[in-house]
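Remarks on the structure that follows.
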Amino acid sequence: GESVGLHLPTLSVQEGDNSIINCAYSNSASDYFIWYKQESGKGPQFIIDIRSNMDKRQGQRVTVLLNKTVKHLSLQIAATQPGDSAVYFCAERLVSFQKLVFGTGTRLLVSP
Amino acid sequence: EAQVTQNPRYLITVTGKKLTVTCSQNMNHEYMSWYRQDPGLGLRQIYYSMNVEVTDKGDVPEGYKVSRKEKRNFPLILESPSPNQTSLYFCASSLSASGTYEQYFGPGTRLTVT
């Protein structure tokens, strides 16, 4: 399948562990954030989003944390499974430019 | 099934030979966009459209054209492809007219220009 990045930071975990993927965003005025999952050979897939008036949002096995003080976003995946292996990247909504800006991503490798 | 489709999925061509990559969505979305994805770089926007007959340049529009004659279709045209346009291309659509909320992506088109 397609490789989205040869030199992406990589997080390797064991099946069943919890995973934490981090993202530093660029603009303190950004008001909305999304996490995407991109499996090999596929397009990015929406996982979860969060608005800037929240610090935490939970989905099914995933939690997103937002720290506006240090412009940091994290994605926590509980009980990581081999099917979670993919590239994960965040996107921020730049209010002033009315656009989404995408990060470069982190590769998650899950070993059985 | 709600989806964004792109064709072809893989394309190898030569410098200067015009090509078109098609994109279609069945979700009645107003907003559609094209991105390219290169190693070490995030998704970079090429062109976008907020409505039929309305298109605007993104961050890297040089060498590309688009059209939006119908709501569901948003083809990407390379009039004279060059090797620096070798990349992975994604089409996306959004219910949000500005496209600044959740975007749905197609499966990608791997283009190689020799």
What size of dipole, in debye to the nearest 20, comes out for chain B about its Cα centre when the only charges are +1 on Lys and Arg C-beta atoms and -1 on Asp and Glu C-beta atoms? 340 debye
Between residue B:56 and residue A:56, the FRET efficiency computed from the C-beta separation at R0 = 35 Å comes out, to the nearest 0.05, as 0.50
Determine which aspartates and glutamates satisfy two conditions relative to residue A:37: a Cα distance under 16 Å, and not lying fewer than 8 residues away in the same chain. A:2, A:49, A:84, A:92, B:102
Could you tell me the distance between the Cα centroids of region A:13-76 and region B:49-76, to the nearest Å? 29 Å
Please give the residues of region A:34-57, grouped as numeric ranges, whose backbone N is less than 12 Å from a label point set 7 Å along the Cα-to-Cβ vector of residue B:3. A:43
Below 8 Å, C-alpha to C-alpha, sequence gap of six or more: please give me the relative contact order for chain A in percent. 36 percent
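Might you report the magnitude of the Cβ-based charge dipole of the protein assembly as shown about its Cα centre, with Lys and Arg at +1 and Asp and Glu at -1, to the nearest 20 debye? Before the final figure, lay out the partial values.
Values: 23 positive and 19 negative charges, 62 e Å.
Result for the protein assembly as shown is approximately 300 debye, rounded to the nearest 20.
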At what distance in nm do the modelled label points of residue B:41 and residue B:27 sit from each other, each positioned 7 Å from its Cα along Cα→Cβ? 2.5 nm
Across 10 Å bins from 0, what is the distribution of all Cα-Cα pair distances for chain A, in whole percents? 15, 47, 31, 7, 0
Please find the FRET efficiency linking residue B:110 to residue A:24, where r is the Cβ-Cβ separation and R0 is fixed at 22 Å, and quote it to the nearest 0.05. 0.15
Which three extents, in angstrom, do the Cα atoms of the protein assembly as shown have along their principal axes, listed largest first? 49, 37, 33
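Read the figures in this text as sums done on the coordinates, not as results from a lab. Bear in mind that the values here come from a model prediction, so they are computed numbers and not experimental data. Here Cβ is always computed from backbone atoms with ideal geometry, including for glycine, and neighbour counts include all displayed protein chains.
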